[in-house]
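Peer 1: Encoded as structure tokens, here's the structure I'll be asking about.
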Amino acid sequence: MSYKNKLSTDFFVNNRNRLLELLSEGSLALLCADRPVIRSADQKHDHFADRSFFYMSGIEQEEAILLLYRNEECSRQVLFIPATDSMHERWNGHRLSREEAAAASGIDEILYLDSFEGMLADIFASEKPSYVWFDKSAPGQQASSLRQLMLELVHRQAQAPAQMLRDLSPLLIQLRMIKSQEELDLIRAATGLTLEGILAMMRAVKPGVFEYQLLSEFEYTLAQAGCLKPAFPTIVAAGDNALCLHYMTPFDQAEAGELIQIDLGAEVGGLCADISRVLPVDGRFSPRQLELYELVRACQEEAFAIIKPGIKIVDINTACRKVAAEGLRRMGLLKQDTDVVEYFWHGVSHHLGLDVHDISHKEAVLQPGMVLTVEPGIYIPEWSMGMRIEDDVAVTENGCRLLSAAIPREAHEIELLMQS
Ligand SMILES: [Mn+2]
């Protein structure tokens, strides 16, 4: 599969239809792309459209709004986009035309944003919606002003406003947790590109190399394939820097005898990979490093073995923690099994998709089509050593399937690659 592949228009059409089916009659729902966050002064962070808005529309254009309305006879789907503006575009780049927005989203009714408030007021006046849905978890500024606008309209017109207001986020979670074949294919492609980046890093590992040099090997490889931004900030942590889970200051050198923890991922067509590996600076693990590595791998195998429909993420944590406790006891580190929490710092799995920590119900029972990371980690401060190994799996009818199968994970495979 090409790293340039994208989600199809049908994917977005289907997502909206599935959402409309979940909405009761007389429902009005709004989602927005939001706008870039200010970095400082007149600088902005890169725009990254709200992922639920993108999931429903296929549109990245900032400030765009999706309106869905459902009554007994029909449903209505309208996409509002900023008007084309040659002076704005001279500085800031192309804005989607109505034709382009229609083609990408599969929505026929594309209007400019300046007609949004008027149409919303018309719908309130003529259709008198029974329910108004918005995503209460959407963090952006545009989402917050939309919520304010809806609240005002509802309070102006409704007898019992509190009963009219509904949170879209549980429905978005329900839909987004189950991945389509297209999403699975793109996550697999993202793990393929991640592998290329890891191989480039491996070639650059040597005593004295700076963490940022390895990081740039990875990100250069992704950029060469058209992925200008990784799925999340790349982690490269040498030696005891691995004891900081979200290590973001990669300015140290990797010394002979140390391990390098990497936690990184490419993005293809909007879908994320999330992979962690441990690389020995010398190309070989010491006996003690290997002992810990094999224990973390055993935890991971335990997770692969138990993940199937019907269990919950908490069950994966419990099972892995048990394997970790047995191993740590053998290694003489535990007085009692409950001490395992001193070394087992984080959960094993999270959902993965358009977001690297994809939205989910924490208590959700696993179902086929869900995608999870499997990333047990064991951290031993008294050894100045910690590590996690992370792969991505899709839940199937009776178990799980590795989406990142192509990325070597056994210690001897990694040693072989690093010595070649
Ligand atoms: Mn992860």
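Please treat every number below as a calculation from the coordinates, not as lab data. Bear in mind that the values here come from a model prediction, so they are computed numbers and not experimental data. Please note: Cβ atoms are built from the backbone with ideal geometry, for glycine as well, and neighbour counts cover all protein chains shown.
Peer 1: Could you work out how much longer the chain between Ala405 and Glu21 gets when fully extended? Use 0.36 nm per residue separation minus the Cα distance between them, nm to one decimal.
Peer 2: Numbers: separation 384, 0.36 × 384 = 138.24 nm, distance 3.59 nm.
Gain on stretching Ala405 to Glu21: 134.7 nm.
Peer 1: Moving to a separate point now. Along the Cα→Cβ direction, 7 angstrom out, place labels at His357 and Lys44. What is the inter-label distance in nm?
Peer 2: Label at His357, label at Lys44, 2.6 nm between them.
Peer 1: Stretched out fully, how many nm does the piece from Ser86 to Gln157 gain, at 0.36 nm a residue minus the Cα gap?
Peer 2: Contour length minus the Cα-Cα distance gives 21.6 nm.
Peer 1: Within straight cross-link reach of Lys6, meaning Cα distance under 15 Å, which aspartates and glutamates are found once same-chain residues fewer than 8 apart are removed?
Peer 2: Glu60, Glu182, Glu183, Asp185, Glu267
Peer 1: Another question, then. Could you give me D for the stretch 9-176, from Stokes-Einstein at 25 °C and 0.890 mPa s, where the hydrodynamic radius is the Kirkwood radius over C-alpha pairs? Units µm² s⁻¹, please.
Peer 2: Details: Rh = 16.5 Å.
Answer from the Stokes-Einstein relation: 149 µm²/s.
Peer 1: Now a separate question. From the square roots a ≥ b ≥ c of the eigenvalues of the alpha-carbon gyration tensor of the stretch 161-211, which class results: rounded (a/c under 1.5), prolate (a/b over b/c), or oblate? Show your work: numbers first, answer last.
Peer 2: Details: a/c = 8.48, a/b = 2.50, b/c = 3.39.
It comes out oblate by the Cα gyration axes.
Peer 1: May I pose another question? Using the Cα centre of the chain as the reference point, and only Cβ charges (+1 on K/R, -1 on D/E), how large is the resulting charge dipole? Debye, rounded to the nearest 20. Mind dumping the intermediate values first?
Peer 2: Working: 39 positive and 61 negative charges, 86 e Å.
The dipole of the chain has a size of about 420 debye.
Peer 1: Can you tell me how the stretch 199-341 classifies by the Cα gyration tensor, rounded, prolate or oblate, using a/c under 1.5 as the rounded cut? Intermediate results must be reported in sequence, preceding the final value.
Peer 2: Numbers: a/c = 2.43, a/b = 1.33, b/c = 1.83.
Because a/c hits 1.5 or more and a/b fails to exceed b/c, the stretch 199-341 counts as oblate.
Peer 1: Can you return the lysines within cross-link range of Lys335? Criterion is Cα-Cα under 30 Å, with same-chain partners fewer than 8 residues away left out.
Peer 2: Reachable lysines: Lys312, Lys322.
Peer 1: Moving on to the next point. Residues with beta-carbon under 13 Å from that of Tyr293, excluding Tyr293: net charge, scoring Lys, Arg +1 and Asp, Glu -1? Each step should come with its number before you reach the end.
Peer 2: On the way: positive: Arg277, Arg284, Arg288, Arg297, Arg388, Arg409; negative: Glu291, Glu294, Glu301, Glu410, Glu413, Glu415.
Residues close to Tyr293 contribute a combined charge of 0.
Peer 1: Taking 0.36 nm per residue of separation and subtracting the Cα-Cα distance, what length does fully extending Ala121 through Met248 add? Let's see the in-between values first.
Peer 2: Values: separation 127, 0.36 × 127 = 45.72 nm, distance 4.67 nm.
Contour length minus the Cα-Cα distance gives 41.0 nm.
Peer 1: Please list, or write none, the aspartates and glutamates whose alpha carbon is within less than 13 Å of the alpha carbon of Lys362, excluding same-chain residues fewer than 8 places away.
Peer 2: Asp315
Peer 1: A further question follows. Return an integer: the convex hull volume of the alpha-carbon atoms of the stretch 1-74, in Å³ per residue. The partial results should precede the final answer.
Peer 2: Working: hull volume 8.0 nm³, N = 74.
Dividing the Cα hull volume of the stretch 1-74 by its residue count gives 108 Å³.
Peer 1: Given Cβ point charges of +1 (Lys, Arg) and -1 (Asp, Glu) and nothing else, what value in debye, to the nearest 20, does the dipole of the stretch 110-241 about its Cα centre take? List each step's numbers first, then the result.
Peer 2: Details: 11 positive and 15 negative charges, 51 e Å.
It comes to approximately 240 debye.
Peer 1: So for the chain, averaging the separation of alpha carbon pairs under 8 Å that are six or more residues apart and normalising by length, what relative contact order in percent results?
Peer 2: On the way: 817 pairs, mean separation 58.7, N = 420.
Reported relative contact order: 14 percent.
Peer 1: Percent relative contact order of the stretch 1-128, based on C-alpha pairs within less than 8 angstrom and at least six residues apart?
Peer 2: Values: 188 pairs, mean separation 30.3, N = 128.
Result for the stretch 1-128 is 24 percent.
Peer 1: For q = 0.19, 0.23 Å⁻¹, what log10 I(q)/I(0) does the stretch 272-335 give under the Debye formula with an equal point scatterer on each alpha carbon and no solvent?
Peer 2: Debye curve over Cα of the stretch 272-335, log10 I(q)/I(0) at q = 0.19, 0.23 Å⁻¹: -0.85, -1.03.
Peer 1: With every atom except the alpha carbons ignored, what do you get for Rg and Dmax of the stretch 324-420, in angstroms?
Peer 2: 16.2, 45
Peer 1: So what does the Cα-only Debye profile of the chain read at q = 0.08, 0.09, 0.12, 0.13 Å⁻¹, as log10 I(q)/I(0), no solvent term?
Peer 2: Reported log10 I(q)/I(0), two decimals: -0.51, -0.64, -1.01, -1.12.
Peer 1: Another question about this same structure. Just add up the charged neighbours of Arg388: K/R +1, D/E -1, any other residue whose Cβ is under 10 Å from the Cβ of Arg388.
Peer 2: -2
Peer 1: Does the stretch 181-419 come out rounded, prolate or oblate by the C-alpha gyration tensor, with a ≥ b ≥ c the root eigenvalues, rounded set by a/c under 1.5 and, if not, prolate when a/b is larger than b/c and oblate if not?
Peer 2: Working: a/c = 1.82, a/b = 1.04, b/c = 1.75.
Note, shape of the stretch 181-419 comes out oblate.
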